[in-house]
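Colleague: First, the structure itself, so that you have it in front of you.
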Amino acid sequence: MKSKFVRILLAVAATFTFSALAQTGSAATPSTSGPGAATSAPATSVPSTGTKVGTINIQDAIFASNEGRRDGEALQKKFEPKQAELKSQNDELEAMKKQLSTQQDKLNEEALANLKKQIESKQKVFDRAVQDAQEDYGNQNQEIAGRILQKMAPLIVKYSQDNGFGIIVDTSKPWPQSNVLWWGEAVDITKAVIEAYNVQSGVPAPAAPAGGAAKPTAPRAPGATTTPKPTTPPSK
């Protein structure tokens, strides 16, 4: 049975809202209303003769870029002490709960009441600490994403126009969370955008981790999972 700490950490990964990027005109004129803003100004018409429909996983594009990987890894490193601190608090709580479970029949009424009170108090402190860490991590993760998106959005628009695309759909969220049921590799521009942005940013690729290079993804807390996108048509 997973501890409450692990279950909570599964939800630590920040949520990204990039709906404005689906409107190419909006992406062409990114807003600078505040630091780390991940939304853009109201959409405006962008002349285009393209008719193709393309897709992009904007979250992957941001955090698989050299700049996104560098900043995402730095953020995870920054939060390692906090994760260790929360784990220590959780271990202490679990030990106390185990003591309550195994010794409650042996403890007198006063000792039992004191133990329950300690557990309740520590649980409140722990829950608050986790909530604060989630919010802090999420805000900083969002700031990274918004900052990179402001620079990447015009590049996406230009690439789309240059290659005959009339619309680009964000596939960051899997169906049914988004309206995109399936898409083929041929129309996905994520890799091309990452490569172009790496050239534009001039940020070198981070060193590969020991044991071989792993596919870069959005920074997330230990234990967080992602849902793979479909790459083949659904069976008839």
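The values are calculated or read from the model by the stated rules, or taken from the named source; none is laboratory data. This one's a predicted model, so the numbers in the text were calculated from it and none came from an experiment. When we count neighbours, we look across all protein chains shown, and the Cβ atoms used for this are built from the backbone with ideal geometry, even at glycine.
Colleague: Scan ARG70, ARG7 and give me the residue that is in a helix (DSSP H, G or I), modelled with pLDDT under 80 and within 23 Å of the chain's Cα centre (by Cα). Break it down into steps so the answer makes sense when it comes.
Modeller: Values: ARG70 fails: modelled with pLDDT under 80.
Answer to the selection: ARG7.
Colleague: When only residues in the range 63-77 that are out of contact with any Pro (no Cβ under 7 Å at 6 or more places or on another chain) and in contact (Cβ under 8 Å) with a residue 60 or more places away in the chain count, which is nearest to VAL125 (Cα to Cα)?
Modeller: Top of the filtered list is ASP71.
Colleague: Hey, another quick one. Criterion first (surrounded by 16 or more Cβ atoms within 10 Å (Cβ to Cβ), more than 30 Å from ILE168 (Cβ to Cβ) and out of contact with any helix residue (DSSP H, G or I) (no Cβ under 7 Å at 6 or more places or on another chain)) does GLN103 satisfy it?
Modeller: The answer is no for GLN103.
Colleague: Against the definition (surrounded by fewer than 17 Cβ atoms within 10 Å (Cβ to Cβ), of a type in the set (Asp, Glu) and out of contact with any helix residue (DSSP H, G or I) (no Cβ under 9 Å at 6 or more places or on another chain)), how does ASP162 come out, yes or no?
Modeller: The answer is yes for ASP162.
Colleague: If SER160 satisfies every condition in (1) assigned to a helix (DSSP H, G or I); (2) under 25 Å from ARG70 (Cβ atoms) but one, which is the exception?
Modeller: (2)
Colleague: Now a separate question. Looking at (1) in a loop (DSSP other than H, G, I, E, B); (2) surrounded by 12 or more Cβ atoms within 10 Å (Cβ to Cβ); (3) touching a helix residue (DSSP H, G or I) at 6+ places or on another chain (Cβ under 9 Å), which is the only condition PRO204 fails?
Modeller: (2)
Colleague: Those residues that are touching a strand residue (DSSP E or B) at 6+ places or on another chain (Cβ under 8 Å), within 18 Å of GLN59 (Cα to Cα) and not β-branched (Val, Ile, Thr), I need them from the range 160-178; list them, please.
Modeller: SER160, ASP170, SER178, listed by residue number.
Colleague: Is there any pair linking a residue in the range 191-206 that is without any contact (Cβ under 8 Å) to a residue 60 or more places away in the chain to one that is polar (S, T, N, Q) and surrounded by fewer than 17 Cβ atoms within 10 Å (Cβ to Cβ), with Cβ under 9 Å and at least six apart or on different chains, and which?
Modeller: Listed pairs, sorted by first residue: ALA192/ASN163.
Colleague: Without any contact (Cβ under 8 Å) to a residue 40 or more places away in the chain and over 21 Å from the mean Cα position of the chain (by Cα), is that true of GLU80?
Modeller: No: the conditions fail for GLU80.
Colleague: Can you name the residue in the range 115-156 that is more than 21 Å from the chain's Cα centre (by Cα) and under 29 Å from TYR197 (Cα atoms) and, of all such residues, is surrounded by the most Cβ atoms within 10 Å (Cβ to Cβ)?
Modeller: Among those that are more than 21 Å from the chain's Cα centre (by Cα) and under 29 Å from TYR197 (Cα atoms), it is LEU155.
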